[in-house]
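The structure appears right after this line, and notes come after that.
The values are calculated or read from the model by the stated rules, or taken from the named source; none is laboratory data. Here the structure is a predicted model, which means the values were calculated and not measured. A quick note on method: Cβ atoms are made from the backbone with ideal geometry, for glycine too, and the neighbour counts reach across all protein chains shown. The accessibility values were calculated without ligands, DNA or RNA, using every heavy atom of the protein model including side chains. Shrake-Rupley method; radii C 1.70, N 1.55, O 1.52, S 1.80 Å.
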Amino acid sequence: MTGRVCNYAAVFQLTVTLCALLTFSTYQLSNYYSTVPKLLTIGSSLLNLSNFDTPISSNNVSLINEVNGLMPLSGYLGRNNSSPDPTSCPRSDSQASNRLCVPLTLADLNSTCPKPVDFGRLRCGFWLAPPACGAATACVAVIVPYRNRLVNLLLLVQHLHNLLQRQAINHGIFVVEQNDQLPFNRAKLLNIGFKLSQNYHSCDCFVFHDADKLPESLLVDYSCSQGRPRHLIGRLLNLASRKYSPGKMYHNFFGGVVAVTKRQFESVNGNSNLYYGWGREDDELSVRLRIKHWRVAYSDQSAKYVNLKHADDIKVNSMPWPSVSAVRRRMTSDGLNSLKYNLTGVYCHPLFTIFSVQV
Ligand code: UDP
Ligand code: MN
């Protein structure tokens, strides 16, 4: 389309120049593998955000820190804008039911399900419980590994803000987007999110959260246990069959949505960085935790989740099943201490912070 407009206006030198520029920038955009620009525009229009922050983009962490500052949490919450501070705690006006409105479509997100409180005042996905909630001590950093699953992501983040607010948990949501052409490396993205999120928000509890798993009940506990890594999904609803399956899919399963403390995750040197492609990276983390004598706590049946649909576009990796001996051998040299990646941008969306990376 750009080409036709350009031909028509070719006699005007200025227009030609403008067209060339336009074509160039369209080319640049279509060549830009990342879905971040799409995510920002679609995210802001769909969610009808008026106070949308412009993206902050840079090539390295120190520059981002210069631009963005290591802002105190209250800074992110826009304390000085016109909306009044909330006086009530979302927990105290919670309804009798433990069932949550789970958005399954973008229409649900916009009209059927409630907006998070403070909706217009969320910045970069941070929320601090108002004083009326009492001394809320818990603080959770939610890390979502992401590539090209926009609808899943949008449904998840608003929903999580709702739930965490009703649980009166201070929290931040971090999306780690893989913006290269390599097979998806979920485990490495989680390592990156674990590391980078600490520049912005010093939580002790990390929830590694797949984009397609939405909690259905207020009873799902989004907190960590100092003594036990936690697996959060008790039961998982398949939307096609309307049937629940166990969240613990097999012995020692540790995928989907899990909660670990900083100490637990660091004690195993985080995830392996070697798993390019689908599968087994979560089993390696499970083995790592067992080697370090952490016993996983599994959620009971009340922790219900919905499994959203998505295309199965992820390549299966070629890593063998992680045996205890292999994991023991590589654990001290492959993980957080060997993590290498290229950070191409940090973006501040009202509902989440995005780290865009090449792995
Ligand atoms: N994921 C993604 N884009 C991809 C593949 C995976 O964003 O192309 C993320 C997303 O958060 C997803 C998680 O990785 O929920 C796990 O991948 P997937 O859902 O494909 O695995 P499943 O749990 O369905 O086996
Ligand atoms: Mn999935």
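Listing for the model above:
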{"read-out": "Filtered residues of the range 300-335 (kept if within 16 Å of ligand 2 (Cβ to nearest atom) and touching a strand residue (DSSP E or B) at 6+ places or on another chain (Cβ under 6 Å))", "value": "TYR305, VAL306, ASN307, ILE314, VAL316"}
{"read-out": "Number of the exception - LEU285 against (1) hydrophobic (A, V, I, L, M, F, W, C); (2) in contact (Cβ under 8 Å) with a residue 12 or more places away in the chain; (3) within 16 Å of ligand 2 (Cβ to nearest atom)", "value": "(3)"}
{"read-out": "Some residue of the range 171-190 being at pLDDT below 95, more than 9 Å from ligand 1 (Cβ to nearest atom), surrounded by fewer than 20 Cβ atoms within 10 Å (Cβ to Cβ) and among the hydrophobic types (A, V, I, L, M, F, W, C)", "value": "yes"}
{"read-out": "Output for the range 296-320, where each listed residue is away from ligand 1 (no atom under 16 Å from the Cβ) and touching a helix residue (DSSP H, G or I) at 6+ places or on another chain (Cβ under 8 Å)", "value": "VAL296, PRO320"}
{"read-out": "Output for the range 304-337, where each listed residue is open to solvent by less than 60 Å² (accessible area, probe 1.4 Å), small (Gly, Ala, Ser) and not in a loop (DSSP other than H, G, I, E, B)", "value": "ALA326"}
{"read-out": "Matching residues, the range 146-160, being open to solvent by 20 Å² or more (accessible area, probe 1.4 Å) and either closer than 20 Å to ARG123 by Cα or at pLDDT 90 or above (or both)", "value": "LEU150"}
{"read-out": "Residue within the range 172-188 that is among the small types (Gly, Ala, Ser), part of a helix (DSSP H, G or I) and either more than 12 Å from the chain's Cα centre (by Cα) or farther than 28 Å from GLY277 by Cβ (or both) present", "value": "yes"}
